[in-house]
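Student: Following this message is one structure expressed as structure tokens.
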């Protein structure tokens, strides 16, 4: 006998979506979250963008689950009244070399099942966004923005309505396989042990500390890629999201708008050794130089430090981008276990589709 049928470690957007999917399928589900709020790490420290599925290698999990997750997310947000907007974005080329890369990006998008990108000349792009500077652009009408916290509250509500529960302020210190399932050690004074038949490890940044307890699981190399954000004082003269051509490790310092129209810029890529969410004001110069490549009219001194997030990346500086890992028994041989690793962007967009994969893979033999 075990204490719980299914445990999910991590109440970020992917953990909540996965727990919801399992509860709706009839499982008794408990989610353990180390913080006092749901979704207060990676899920709350991002651009809140619904991605179209443009950049990722063909047939990768990121490509497939982003495209499927995008459609599921738009439908779910509309059904549940989660605030969102299909705002569209422009990917802009600053020079002829980047213009050639737009061609490759459009081809990759089409291969991923995103056929709605439109190539724009400089004049066409400026007709949409007069303050923009570029030599050409791609318009992605399927890109949107969403209230990520409202989304997670809706997922939690569905989970609880299906009989599941979220337990906050409950940090897992270790996990191990035991006869008939898995045991998790709860950290802290008066710590205790919980057992379950099935386990989903969706701990984001915490996964790298917990994986060593699973004997036989492949060793993974984890990196921490910090992304800093600066906000704009005053309103931005843009109605679309503005993205430069991607850079190694991320999508470049882009302009996003929240649902209230407030502009923020980021994230950059800063490789770090520890989880430090402070934004160094000295990075303002780097941001201004990058932003002025596509918005030369950025007023001096208009950027203010905002917040930072940390991507739970597989690999480190200079390594090629890794795909999502959603490893079920077919990979590691342990029944009833799914391990998620490297769930960075487009994890928010893909969350509902990832949840479907988790529900399928936990039953692998």
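Student: Considering each residue of the stretch 302-349, count those that are assigned to a strand (DSSP E or B) and over 19 Å from the mean Cα position of the chain (by Cα), and give that number.
Tutor: 4
Student: Just to verify a result, which residue in the stretch 56-77, among those that are under 20 Å from residue 340 (Cα atoms) and over 16 Å from the mean Cα position of the chain (by Cα), is surrounded by the fewest Cβ atoms within 10 Å (Cβ to Cβ)?
Tutor: Here the residue is 59.
Student: Residue 355: more than 24 Å from residue 152 (Cα to Cα), in the same structural domain as residue 154 (by TED's automatic domain parsing) and either under 16 Å from the mean Cα position of the chain (by Cα) or assigned to a loop (DSSP other than H, G, I, E, B) (or both), yes or no? Can you show your working first?
Tutor: Working: more than 24 Å from residue 152 (Cα to Cα): no; in the same structural domain as residue 154 (by TED's automatic domain parsing): yes; either under 16 Å from the mean Cα position of the chain (by Cα) or assigned to a loop (DSSP other than H, G, I, E, B) (or both): yes.
No; evaluated as a whole, the condition is false for this residue.
Student: Among (1) at pLDDT 95 or above; (2) in contact with a strand residue (DSSP E or B) (Cβ under 8 Å, 6 or more places away or on another chain); (3) surrounded by 13 or more Cβ atoms within 10 Å (Cβ to Cβ), which single condition is residue 278 missing?
Tutor: Condition (3) is where residue 278 drops out.
Student: May I ask you to say which residue of 39, 26, 10 is surrounded by fewer than 24 Cβ atoms within 10 Å (Cβ to Cβ) and more than 13 Å from residue 346 (Cβ to Cβ)?
Tutor: Details: 39 fails: surrounded by fewer than 24 Cβ atoms within 10 Å (Cβ to Cβ); 10 fails: surrounded by fewer than 24 Cβ atoms within 10 Å (Cβ to Cβ).
Sole residue among the options that is surrounded by fewer than 24 Cβ atoms within 10 Å (Cβ to Cβ) and more than 13 Å from residue 346 (Cβ to Cβ): 26.
Student: Just the residues that are under 19 Å from residue 347 (Cα atoms), touching a residue at least 60 places away in the same chain (Cβ under 8 Å) and out of contact with any strand residue (DSSP E or B) (no Cβ under 8 Å at 6 or more places or on another chain), please, taken from the stretch 72-91.
Tutor: Within the stretch 72-91, 72, 76 meet the criteria.
Student: Right, another one. Residue under question is residue 278, and the condition is that it be in a loop (DSSP other than H, G, I, E, B) and in the same structural domain as residue 93 (by TED's automatic domain parsing); does it hold? Quick ask: steps written out before the conclusion?
Tutor: On the way: in a loop (DSSP other than H, G, I, E, B): yes; in the same structural domain as residue 93 (by TED's automatic domain parsing): yes.
When the stated conditions are applied, residue 278 passes them.
Student: Working carefully through the options 114, 82, find the one that is modelled with pLDDT of 95 or more, assigned to a loop (DSSP other than H, G, I, E, B) and buried (at least 21 other Cβ atoms within 10 Å of the Cβ).
Tutor: The unique qualifying residue is 114.
Student: Tell me the residue from 252, 190, 261 that is in a loop (DSSP other than H, G, I, E, B) and farther than 30 Å from residue 102 by Cα, please.
Tutor: 190 is the lone residue from the list that is in a loop (DSSP other than H, G, I, E, B) and farther than 30 Å from residue 102 by Cα.
Each row is one residue, and each column tells you yes or no for (1) without any contact (Cβ under 8 Å) to a residue 12 or more places away in the chain; (2) within 21 Å of residue 12 (Cβ to Cβ); (3) touching a helix residue (DSSP H, G or I) at 6+ places or on another chain (Cβ under 6 Å).
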site	(1), (2), (3)
70	no, yes, yes
93	no, no, yes
96	no, no, no
115	yes, no, no
151	no, yes, no
161	yes, yes, no
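Student: Next question, about the same structure. Would you check if residue 132 is touching a residue at least 12 places away in the same chain (Cβ under 8 Å), part of a strand (DSSP E or B) and over 12 Å from residue 55 (Cα atoms)?
Tutor: Considered against the rule, which asks whether it is touching a residue at least 12 places away in the same chain (Cβ under 8 Å), part of a strand (DSSP E or B) and over 12 Å from residue 55 (Cα atoms), residue 132 comes out as no.
The values are calculated or read from the model by the stated rules, or taken from the named source; none is laboratory data. No experiment lies behind these values; they were computed from the predicted model shown. Glycine gets a Cβ as well: all are built from the backbone with ideal geometry, and neighbour counts include every protein chain shown.
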